[in-house]
Amino acid sequence: MKLRKEKNKEKICYPIVLTFEEGQEIAVEIPDLDVATSGVSEEDALSSARELLGLVVYGLEEDKEEVPKPSSVRDIHIEDNQMVMLVDVYMPAVRMAQDNKSVSRTVTIPAWLNAKAQSYDINFSQVLQEALKEKILL
């Protein structure tokens, strides 16, 4: 059998371990990254695992640390109440979301200007963003 070449290294895939306990959320562990999360349903647990995987790998990249190589699912040992699955994440989307994340800033303006702007239903965040873009891009 001929092996296919790996397609896109921007898409990363790690094994996760789901642990099921009666009356509790589903525990999710990413053993290779030594992190854990949980979910109220299988769908929620997988979504949490994907989000955590993306954020941990993004953090390692930002800190210029090595991203550990994923284990094979065959090498993960589990108990009767556990299940191993693969979870993938597309890192360009994670990076873009983190780069476009909003941050809160406190600004001070005269009270009369605040009142006038509110009377016109002006969106302060939008105006500030537009003004900063204009100022920076000039």
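The values are calculated or read from the model by the stated rules, or taken from the named source; none is laboratory data. Here the structure is a predicted model, which is why all the values come from computation and not from measurement. Cβ coordinates were reconstructed from backbone atoms using ideal geometry, including for glycine residues, and neighbour counts include every protein chain displayed. These area figures cover heavy atoms from the full protein model, side chains too; ligands, DNA and RNA do not enter into them. Shrake-Rupley method; radii C 1.70, N 1.55, O 1.52, S 1.80 Å.
Leaving out ligands, DNA and RNA, and with a 1.4 Å probe, what % of the accessible surface on the chain is carbon or sulfur?
Carbon and sulfur atoms account for 52 percent of the accessible area of the chain.
My understanding is that a pair violates if its Cα-Cα distance is over 20 Å; which of Lys69/Lys101; Lys64/Lys135; Lys9/Lys69; Lys11/Lys133; Lys64/Lys133 do that in this structure?
Violating the 20 Å limit, Cα to Cα: Lys69/Lys101; Lys64/Lys135; Lys11/Lys133; Lys64/Lys133.
Only one of the values (i) 25, 17, 13; (ii) 43, 21, 12; (iii) 21, 19, 14 was calculated from this structure for semi-axes √(5λ) of the Cα gyration tensor in Å; name its label.
(ii)
Calculate one ³J(HN,Hα) per residue across the range 75-89 by plugging θ = phi - 60° into the Karplus curve 6.51 cos²θ - 1.76 cosθ + 1.60, and present them in order as whole Hz with x for glycine and proline.
8, 8, 9, 10, 8, 4, 9, 10, 9, 9, 9, 9, 10, 10, 8
For the range 27-84, what is the accessible area per residue in Å² when the probe is 1.4 Å?
67
Report, in degrees rounded to the nearest 10, the 0 to 90 angle that the Cα long axis of helix 42-62 makes with the longest principal axis of the chain.
For 42-62 against the chain, the angle is about 70 degrees.
Using packing as a proxy for protection, rank 112-124, 17-29 so that the peptide with the highest average count of other Cβ atoms within 10 Å comes first.
My ranking of the peptides, most packed first, is 17-29, 112-124.
Calculate, in nm to one decimal, what Ser102 and His77 gain on full extension: separation in residues at 0.36 nm each, minus their alpha carbon distance.
Stretched fully, the Ser102-His77 segment lengthens by 5.0 nm.
Taking Cα atoms, how many degrees apart are the long axis of helix 124-137 and the longest axis of the chain, rounded to 10 and kept between 0 and 90?
On a 0 to 90 degree scale, this one is about 90.
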